[in-house]
Amino acid sequence: MITLVTGGARSGKSRFAESIYKDTLDVVYIATSKVTDNEMAERINLHRESRPKEWRTYEGNYELQNAVGEEKNYFLDCITVLTSNIMFDISKDVEYIDYDLQNKIENTIIEELKALIDKVREKDYDLVLVTNEVGDSIVPEHHISRVFRDIQGRINQRIASISDQVYLVCCGIPVKIK
């Protein structure tokens with residue numbers, strides 16, 4: 001079962017997504033964040049402390065399918081950070097991200113996620129993916145921000161289309177939309 005959970009920042013999406021595996025100990029937490037400053041280090045530490053100690057952690061943005069082992073349950077938090085990290089890995093030396101480069105970025109991210117999803121499906125395991133809904137706000141002023149929003153929106157659509165179920169979380173309340 002592939003489950004996608006989306007919502008805005010601080011909507012409660014991660015808390016709801018983690019609750020899907022309540023009382024489940026054979027879970028692999030796929031963490032996509034990188035320590036870039038003290039604030040991010042603190043956020044990562046809070047996330048580590050909030051999940052069960054028995055859950056195995058796989059940290060990374062590439063080769064996500066390598067996280068799949070003998071455990072039957074997988075949790076990726078979050079696609080939005082994955083998108084940001086891969087986008088900046090690929091575009092770090094350019095100021096303008098043209099449509100060809102946007103497609104390269106998007107396809108790289110989709111290939112990573114698809115390889116993970118395919119491996120989980122092949123083994124008949126479960127995967128919960130968390131992502132941010134980034135299209136419910138104003139149009140960003142800066143080019144890079146608009147490109148990020150557009151890529152993330154398309155990735156969310158593509159992953160939702162191949163997920164078995166999709167939840168939108170608003171004000172801590174999950175609503176099943178697929």
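The values are calculated or read from the model by the stated rules, or taken from the named source; none is laboratory data. Keep in mind that what you see is a predicted model, and the values were worked out from it rather than measured. Neighbour counts run over all protein chains shown; Cβ positions are idealised from the backbone, glycine included.
Are there strands (runs of 3 or more DSSP E) fully within region 1-100 with at least 1 residues that are closer than 25 Å to C170 by Cα? List them. Explain how you work it out, then say what you get.
Details: elements: 2-7, 27-31, 56-59, 73-77.
The strands (runs of 3 or more DSSP E) meeting that bar are 2-7, 27-31, 73-77.
Every condition in (1) under 18 Å from V130 (Cα atoms); (2) touching a strand residue (DSSP E or B) at 6+ places or on another chain (Cβ under 9 Å); (3) modelled with pLDDT of 90 or more holds for I44 except the one numbered (3).
Applying the selection to region 124-135, what residues are surrounded by 14 or more Cβ atoms within 10 Å (Cβ to Cβ) and closer than 30 Å to E70 by Cα? Step through it out loud before you land on a result.
Within region 124-135, the subset surrounded by 14 or more Cβ atoms within 10 Å (Cβ to Cβ) is 125-134.
Result: Y125, D126, L127, V128, L129, V130, T131, N132.
Remark: pairs (first residue in region 51-76, surrounded by 15 or more Cβ atoms within 10 Å (Cβ to Cβ); second residue part of a helix (DSSP H, G or I) and polar (S, T, N, Q); Cβ separation under 7 Å; 6+ apart in sequence or on different chains) = N61/N85. Out of G153, G172, one residue alone is within 23 Å of G8 (Cβ to Cβ), touching a Gly at 6+ places or on another chain (Cβ under 9 Å) and free of Cβ contacts under 8 Å to residues at least 24 places away in the same chain. It is G153.
Quick check: anything in region 3-10 under 17 Å from S163 (Cα atoms) and over 11 Å from the mean Cα position of the chain (by Cα)? Don't jump to the end; show me each part of the working.
At the first step, the residues of region 3-10 found to be under 17 Å from S163 (Cα atoms) are 3-7.
Adding the requirement that they be over 11 Å from the mean Cα position of the chain (by Cα) leaves 3, 7.
Yes: one or more hits.
Among the residues making up region 136-178, those that are loosely packed, with under 12 Cβ neighbours inside 10 Å and either within 26 Å of N103 (Cα to Cα) or among the acidic types (D, E) (or both) are D136, S137, I138, V139, E141, H142, H143, Q157, S161.
State whether the residues of region 126-143 include one that is part of a helix (DSSP H, G or I) and of a type in the set (V, I, T).
Filtering region 126-143 down to residues part of a helix (DSSP H, G or I) leaves 143.
If we keep only those that are of a type in the set (V, I, T) as well, we get none.
Looking for residues that are part of a helix (DSSP H, G or I) and of a type in the set (V, I, T), one finds none in region 126-143, hence no.
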